[in-house]
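The structure appears below as structure tokens.
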Amino acid sequence: MASGVKVSDEVIKVFNEMKVRKAQSPEEIKKRKKAVLFCLSPDKREIIVEEAKQILVGDIGQTVEDPYRTFVNLLPLDDCRYGLYDATYETKESKKEDLVFIFWAPDNAPLKSKMIYASSKDAIKKKFTGIKHEWQVNGMDDIKDRTTLADKLGGNVVTSLEGFPLK
């Protein structure tokens, strides 16, 4: 069932900026988004970019040591969100980067919130064309360990995520 919630132009702009990998100067690369959270507007009619809930590529190594752990810590424990995470990982053969669409619906989020986020998920997914990986997460136990994301990206062929080796 669709909720009638719209996706803001800013959300689409952020997605397109994260998706396109064109030649960029080092300064432009630093401003690229590594991860972003999206939430519903206060009136629940639109999906918007959540203020101050993003990680920039330029932050990594500066204020952010581990972008995956930092992303996990941005998630609210008591409400739903949509996230876009630009995963950098290695397999035995090559280095890869893939966007992962994450639907965060923790068990202790209010039922009404879970329902509207779940019914609005298709609206945002339709705007995110070409996403290979989608992940619904229902609690910290499902997301805190980077091996669960590695499983989504390729299972046991993934040897490291964000430069951290997998056990």
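Computed from the coordinates by the stated procedures, all read-outs in this text should not be read as laboratory data. Here the structure is a predicted model, which is why all the values come from computation and not from measurement. Neighbour counts are summed over all protein chains in view; Cβ atoms, including those assigned to glycine, are modelled from backbone coordinates with ideal geometry.
Tabulated data
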read-out	value
Acute angle (nearest 10 degrees) that the helix 9-19 long axis makes with the longest principal axis of the chain, alpha-carbon atoms	20
Amide proton proximity set for Thr91, modelled H, under 5 Å, gap of 5+	Lys96, Thr159
Rounded to 5, the percent of DSSP beta bridges in region 6-165 classed as antiparallel	75
Dipole magnitude of region 6-165 about its Cα centre (Cβ charges: Lys, Arg +1; Asp, Glu -1), debye to nearest 20	540
Computed over the chain, the ratio Rg/Rh where both radii use C-alpha atoms and Rh is Kirkwood	0.95
Helical contribution to [θ] at 222 nm, DSSP H n ≥ 4, -39,500 (n - 2.57), averaged over the chain, rounded to 500	-9000 deg cm²/dmol
Sorted by Cβ neighbour density within 10 Å, fewest at the top, the residues Cys39, Cys80	Cys39, Cys80
Rounded to whole Hz, the Karplus (6.51, -1.76, 1.60) HN-Hα couplings of region 142-148, x for glycine and proline	7, 10, 5, 8, 4, 5, 5
Gain upon complete extension [Gln136, Lys167; 0.36 nm per residue less C-alpha separation]	8.8 nm
